[in-house]
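In what follows, a structure is listed as C-alpha coordinates, so that the remarks can point back to it.
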Amino acid sequence: MTFTKTTEQSSKYEHLEQMSVTELLLNINKEDQTVPLAVAKTLPQIEILVTNVVEKMKQGGRLFYIGAGTSGRLGIVDASECPPTFGVPFDLVNGIIAGGDKAIRRAVENAEDHTTQAWMDLLAQNIGENDVVIGIAASGTTPYVIEGLKKCNENNIVTGCITCNEGSPLALTASFPIVIVVGPEFVTGSSRMKAGTAQKLVLNMISTTTMIQLGKVKGNKMVDMQLSNDKLVDRGVKMIMGEIAVTYEEASELLKNHGSVRKAVNHYLNA
(Lines give C-alpha, C1' and ligand atoms only; values in the text may rest on other atoms or scores of the structure.)
Protein backbone atom coordinates (compact mmCIF):
# COMPACT_ATOMS: atom_id res chain seq x y z
CA MET A 1 0.00 0.00 0.00
CA THR A 2 1.36 3.40 -0.99
CA PHE A 3 1.47 5.81 1.92
CA THR A 4 0.07 9.23 1.09
CA LYS A 5 -0.44 11.90 3.75
CA THR A 6 -3.96 13.00 2.88
CA THR A 7 -3.87 15.26 5.94
CA GLU A 8 -1.13 17.25 4.20
CA GLN A 9 -2.74 17.49 0.76
CA SER A 10 -3.81 20.89 -0.53
CA SER A 11 -7.17 22.22 0.63
CA LYS A 12 -10.10 21.91 -1.75
CA TYR A 13 -10.64 25.63 -1.22
CA GLU A 14 -8.56 28.43 -2.70
CA HIS A 15 -8.05 32.10 -1.79
CA LEU A 16 -9.34 31.76 1.77
CA GLU A 17 -8.25 35.31 2.53
CA GLN A 18 -10.73 36.58 -0.04
CA MET A 19 -13.71 34.85 1.55
CA SER A 20 -16.19 36.67 3.77
CA VAL A 21 -16.75 35.57 7.36
CA THR A 22 -19.97 33.89 6.26
CA GLU A 23 -18.23 31.99 3.48
CA LEU A 24 -15.44 30.87 5.77
CA LEU A 25 -17.84 29.59 8.41
CA LEU A 26 -20.07 27.82 5.89
CA ASN A 27 -17.14 26.08 4.23
CA ILE A 28 -15.50 25.02 7.49
CA ASN A 29 -18.83 23.64 8.66
CA LYS A 30 -19.30 21.84 5.35
CA GLU A 31 -15.97 20.08 5.84
CA ASP A 32 -16.70 19.30 9.49
CA GLN A 33 -19.89 17.48 8.52
CA THR A 34 -17.81 14.85 6.72
CA VAL A 35 -15.97 13.83 9.89
CA PRO A 36 -18.65 11.69 11.59
CA LEU A 37 -19.12 9.79 8.34
CA ALA A 38 -15.41 9.03 8.25
CA VAL A 39 -15.52 7.90 11.88
CA ALA A 40 -18.50 5.62 11.15
CA LYS A 41 -16.38 3.66 8.67
CA THR A 42 -13.92 2.81 11.47
CA LEU A 43 -16.46 1.44 13.99
CA PRO A 44 -15.24 -2.16 13.56
CA GLN A 45 -11.68 -1.02 14.31
CA ILE A 46 -12.85 0.93 17.37
CA GLU A 47 -14.84 -2.07 18.62
CA ILE A 48 -11.83 -4.38 18.53
CA LEU A 49 -9.66 -1.90 20.44
CA VAL A 50 -12.32 -1.12 23.06
CA THR A 51 -12.93 -4.82 23.63
CA ASN A 52 -9.24 -5.25 24.40
CA VAL A 53 -9.18 -2.21 26.70
CA VAL A 54 -12.16 -3.52 28.69
CA GLU A 55 -10.61 -6.98 28.98
CA LYS A 56 -7.32 -5.57 30.25
CA MET A 57 -9.01 -3.23 32.73
CA LYS A 58 -10.97 -6.14 34.17
CA GLN A 59 -7.58 -7.71 34.83
CA GLY A 60 -6.44 -4.61 36.72
CA GLY A 61 -4.87 -2.81 33.78
CA ARG A 62 -4.87 0.84 32.81
CA LEU A 63 -5.22 2.86 29.62
CA PHE A 64 -2.54 5.24 28.36
CA TYR A 65 -2.77 7.76 25.55
CA ILE A 66 0.50 9.07 24.12
CA GLY A 67 0.80 11.86 21.58
CA ALA A 68 2.46 15.12 20.61
CA GLY A 69 0.96 18.57 20.08
CA THR A 70 -2.78 18.65 19.44
CA SER A 71 -3.00 14.86 19.53
CA GLY A 72 -1.29 14.71 22.91
CA ARG A 73 -3.55 17.41 24.30
CA LEU A 74 -6.68 15.60 23.12
CA GLY A 75 -5.54 12.47 24.94
CA ILE A 76 -4.96 14.44 28.12
CA VAL A 77 -8.41 16.04 27.89
CA ASP A 78 -10.12 12.67 27.53
CA ALA A 79 -8.12 11.09 30.34
CA SER A 80 -8.69 14.00 32.71
CA GLU A 81 -12.46 13.82 32.27
CA CYS A 82 -12.77 10.17 33.30
CA PRO A 83 -12.42 10.58 37.10
CA PRO A 84 -15.04 13.35 37.49
CA THR A 85 -17.44 11.77 35.01
CA PHE A 86 -17.21 8.15 36.07
CA GLY A 87 -15.72 8.27 39.56
CA VAL A 88 -12.68 6.18 38.62
CA PRO A 89 -9.16 6.59 40.04
CA PHE A 90 -7.02 9.29 38.44
CA ASP A 91 -4.46 6.74 37.27
CA LEU A 92 -6.90 4.45 35.43
CA VAL A 93 -6.86 6.51 32.20
CA ASN A 94 -3.70 8.52 31.59
CA GLY A 95 -2.66 11.09 29.00
CA ILE A 96 1.03 11.58 28.21
CA ILE A 97 2.26 14.34 25.89
CA ALA A 98 5.66 14.66 24.25
CA GLY A 99 7.60 17.35 26.08
CA GLY A 100 5.84 16.79 29.40
CA ASP A 101 3.09 18.79 31.07
CA LYS A 102 4.56 22.14 29.98
CA ALA A 103 3.79 21.11 26.38
CA ILE A 104 0.05 21.17 27.18
CA ARG A 105 0.07 24.96 26.84
CA ARG A 106 3.13 25.66 24.72
CA ALA A 107 4.86 23.65 22.02
CA VAL A 108 8.17 22.13 23.10
CA GLU A 109 10.73 22.25 20.31
CA ASN A 110 11.51 18.86 18.74
CA ALA A 111 9.65 16.97 21.48
CA GLU A 112 7.74 14.87 18.95
CA ASP A 113 10.98 13.82 17.26
CA HIS A 114 12.43 12.01 20.30
CA THR A 115 12.58 8.29 19.63
CA THR A 116 13.19 7.04 23.19
CA GLN A 117 11.29 9.48 25.39
CA ALA A 118 7.82 7.91 25.09
CA TRP A 119 9.03 4.60 26.48
CA MET A 120 10.84 6.41 29.30
CA ASP A 121 7.64 8.32 30.06
CA LEU A 122 5.68 5.05 30.15
CA LEU A 123 8.27 3.33 32.34
CA ALA A 124 7.90 6.21 34.81
CA GLN A 125 4.25 5.13 35.12
CA ASN A 126 5.25 1.49 35.78
CA ILE A 127 3.73 0.32 32.49
CA GLY A 128 2.97 -3.41 32.41
CA GLU A 129 1.41 -6.22 30.41
CA ASN A 130 -2.09 -5.56 31.77
CA ASP A 131 -2.04 -2.02 30.39
CA VAL A 132 -3.06 -0.72 26.95
CA VAL A 133 -1.25 2.10 25.14
CA ILE A 134 -2.97 4.07 22.38
CA GLY A 135 -0.80 6.31 20.22
CA ILE A 136 -2.50 9.40 18.80
CA ALA A 137 -1.05 11.14 15.73
CA ALA A 138 -3.02 12.58 12.84
CA SER A 139 -0.08 12.21 10.46
CA GLY A 140 0.80 8.73 11.62
CA THR A 141 4.50 9.61 11.37
CA THR A 142 5.32 11.09 14.80
CA PRO A 143 8.56 9.40 16.02
CA TYR A 144 7.71 9.87 19.72
CA VAL A 145 4.50 7.91 19.29
CA ILE A 146 5.70 5.27 16.82
CA GLU A 147 8.79 4.33 18.79
CA GLY A 148 6.78 4.26 22.01
CA LEU A 149 4.38 1.72 20.52
CA LYS A 150 7.24 -0.36 19.13
CA LYS A 151 8.70 -0.72 22.65
CA CYS A 152 5.27 -1.65 23.97
CA ASN A 153 4.95 -4.33 21.29
CA GLU A 154 8.35 -5.71 22.28
CA ASN A 155 7.17 -5.93 25.89
CA ASN A 156 3.83 -7.66 25.20
CA ILE A 157 1.75 -4.56 25.92
CA VAL A 158 -1.42 -4.16 23.84
CA THR A 159 -1.15 -1.20 21.46
CA GLY A 160 -3.70 0.79 19.50
CA CYS A 161 -3.59 4.05 17.58
CA ILE A 162 -5.78 6.84 16.26
CA THR A 163 -4.50 8.30 13.02
CA CYS A 164 -5.89 9.87 9.86
CA ASN A 165 -3.56 8.56 7.17
CA GLU A 166 -4.08 5.11 5.74
CA GLY A 167 -0.96 2.96 5.55
CA SER A 168 1.01 5.24 7.88
CA PRO A 169 3.96 3.92 9.92
CA LEU A 170 1.89 4.35 13.09
CA ALA A 171 -1.04 2.36 11.70
CA LEU A 172 1.35 -0.41 10.69
CA THR A 173 2.94 -0.42 14.15
CA ALA A 174 -0.15 -0.60 16.35
CA SER A 175 -1.72 -3.98 17.02
CA PHE A 176 -5.19 -2.45 16.80
CA PRO A 177 -5.11 0.64 14.55
CA ILE A 178 -7.98 3.06 14.05
CA VAL A 179 -7.55 4.96 10.78
CA ILE A 180 -10.01 7.78 10.12
CA VAL A 181 -9.46 9.19 6.63
CA VAL A 182 -10.84 12.72 6.79
CA GLY A 183 -9.00 14.05 3.73
CA PRO A 184 -7.38 17.46 3.24
CA GLU A 185 -7.98 20.16 5.83
CA PHE A 186 -9.76 23.45 5.10
CA VAL A 187 -6.48 25.21 5.87
CA THR A 188 -3.87 22.99 4.24
CA GLY A 189 -2.08 20.82 6.80
CA SER A 190 -3.93 22.21 9.85
CA SER A 191 -4.73 18.83 11.35
CA ARG A 192 -6.12 20.40 14.52
CA MET A 193 -9.30 20.84 12.44
CA LYS A 194 -11.00 17.80 10.87
CA ALA A 195 -8.35 15.34 12.02
CA GLY A 196 -8.48 16.73 15.56
CA THR A 197 -12.26 16.55 15.57
CA ALA A 198 -12.14 12.94 14.38
CA GLN A 199 -9.66 12.03 17.10
CA LYS A 200 -11.81 13.67 19.76
CA LEU A 201 -14.91 11.79 18.60
CA VAL A 202 -13.07 8.47 18.74
CA LEU A 203 -11.58 9.22 22.16
CA ASN A 204 -15.08 9.98 23.45
CA MET A 205 -16.25 6.63 22.12
CA ILE A 206 -13.34 4.67 23.57
CA SER A 207 -13.51 6.03 27.10
CA THR A 208 -17.30 6.22 27.35
CA THR A 209 -17.92 2.74 25.96
CA THR A 210 -15.20 1.31 28.19
CA MET A 211 -16.65 2.90 31.31
CA ILE A 212 -20.17 1.73 30.49
CA GLN A 213 -18.86 -1.79 29.97
CA LEU A 214 -17.16 -1.56 33.38
CA GLY A 215 -20.48 -0.68 35.02
CA LYS A 216 -19.83 3.02 35.62
CA VAL A 217 -23.17 4.10 34.13
CA LYS A 218 -26.65 2.98 35.25
CA GLY A 219 -29.46 3.41 32.75
CA ASN A 220 -28.09 6.52 31.08
CA LYS A 221 -26.88 8.28 34.23
CA MET A 222 -23.39 9.06 35.57
CA VAL A 223 -24.17 7.50 38.96
CA ASP A 224 -20.51 7.50 40.08
CA MET A 225 -19.65 11.07 39.04
CA GLN A 226 -17.63 13.21 41.41
CA LEU A 227 -19.65 15.94 43.09
CA SER A 228 -17.13 18.69 42.50
CA ASN A 229 -19.44 21.70 42.10
CA ASP A 230 -22.97 22.91 42.83
CA LYS A 231 -24.22 22.03 39.34
CA LEU A 232 -23.15 18.41 39.70
CA VAL A 233 -24.58 18.17 43.23
CA ASP A 234 -27.92 19.44 41.94
CA ARG A 235 -27.78 16.96 39.05
CA GLY A 236 -27.01 14.17 41.51
CA VAL A 237 -29.92 15.10 43.75
CA LYS A 238 -32.32 15.06 40.82
CA MET A 239 -30.93 11.73 39.65
CA ILE A 240 -31.67 10.26 43.07
CA MET A 241 -35.20 11.68 42.95
CA GLY A 242 -35.65 9.98 39.59
CA GLU A 243 -34.71 6.62 41.09
CA ILE A 244 -36.50 6.66 44.44
CA ALA A 245 -39.52 8.43 45.94
CA VAL A 246 -37.90 11.15 48.02
CA THR A 247 -38.06 14.93 48.20
CA TYR A 248 -35.29 17.21 47.01
CA GLU A 249 -34.22 17.78 50.61
CA GLU A 250 -34.18 14.05 51.39
CA ALA A 251 -32.23 13.28 48.24
CA SER A 252 -29.75 16.04 49.06
CA GLU A 253 -29.18 14.59 52.52
CA LEU A 254 -28.71 11.09 51.12
CA LEU A 255 -26.18 12.38 48.61
CA LYS A 256 -24.33 14.33 51.26
CA ASN A 257 -24.12 11.30 53.54
CA HIS A 258 -23.11 8.72 50.95
CA GLY A 259 -21.04 10.69 48.43
CA SER A 260 -22.45 9.31 45.18
CA VAL A 261 -25.77 8.72 43.48
CA ARG A 262 -25.20 4.98 43.32
CA LYS A 263 -24.35 4.63 47.00
CA ALA A 264 -27.22 6.89 48.07
CA VAL A 265 -29.80 4.94 46.07
CA ASN A 266 -28.43 1.56 47.14
CA HIS A 267 -28.48 2.58 50.81
CA TYR A 268 -32.09 3.77 50.56
CA LEU A 269 -33.28 0.61 48.77
CA ASN A 270 -31.46 -1.72 51.16
CA ALA A 271 -32.31 0.11 54.36
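Couple of notes before you dig in:
- Between the C-alpha center of the range 9-70 and that of the range 165-243 there is a gap of 11 Å.
- Placed amide H near residue 176: partners under 5 Å, 5+ positions off or other chain: 159, 160, 161
- Once the 1.4 Å probe is applied to the protein heavy atoms, the chain comes out at 51 Å² accessible per residue.
- Rounded to the nearest 10 Å², the accessible area of residue 200 at probe 1.4 Å: 70 Å²
- For residue 186, the accessible surface of its heavy atoms amounts to roughly 10 Å² (probe 1.4 Å, protein chains only, rounded to the nearest 10).
- Cross-link partners of residue 150 among lysines, defined as those whose alpha carbon lies under 20 angstrom from its own and excluding same-chain residues fewer than eight positions apart: 56.
- Normalising by residue count, the range 57-212 has a Cα convex hull of 106 Å³ per residue.
- Listed values for the range 34-43 are Karplus-derived 3J(HN,Hα) couplings in whole Hz (6.51 cos²θ - 1.76 cosθ + 1.60, θ = phi - 60°), namely 7, 5, x, 5, 5, 5, 4, 5, 9, 3, and x replaces Gly and Pro.
- The range 144-213: Cα Rg divided by the 2.2 N^0.38 Å rule of thumb: 1.21
- P(r) weight above 18 Å for the range 122-271, C-alpha pairs, percent: 67 percent
- Between the amide H of residue 192 and any residue lying 5 or more places away or on another chain, no distance stays under 5 Å, with hydrogens modeled in the peptide plane.
- Compactness of the chain was expressed as the Cα radius of gyration divided by 2.2 N^0.38 Å, which yields 1.13.
- Residue 258 - accessible surface, heavy atoms, 1.4 Å probe, Å² rounded to 10: 60 Å²
- Fraction of the pair-distance distribution of the range 1-125 above 20 Å, Cα-Cα pairs, percent: 64 percent
- Dipole magnitude for the chain: about 460 debye, using +1 per Lys or Arg Cβ and -1 per Asp or Glu Cβ, origin at the Cα centre.
- In this structure the amide hydrogen of residue 94, modeled in the peptide plane, comes within under 5 Å of the amide hydrogens of 63, 64, 65, none closer than 5 places in sequence on its chain.
- Within-9-Å neighbourhood charge of residue 185 [Cβ basis; K, R +1; D, E -1]: 0
- In order through the range 11-21: 3J(HN,Hα) via Karplus (6.51 cos²θ - 1.76 cosθ + 1.60), integer Hz, x for Gly, Pro: 4, 6, 10, 10, 6, 4, 5, 8, 7, 6, 4
The values are calculated or read from the model by the stated rules, or taken from the named source; none is laboratory data. Since the model is a prediction, treat every value here as computed from it, not as a measurement. Glycine gets a Cβ as well: all are built from the backbone with ideal geometry, and neighbour counts include every protein chain shown. To get the accessible areas, we keep the full protein, side chains included, count just its heavy atoms, and leave off ligands, DNA and RNA. Shrake-Rupley method; radii C 1.70, N 1.55, O 1.52, S 1.80 Å.
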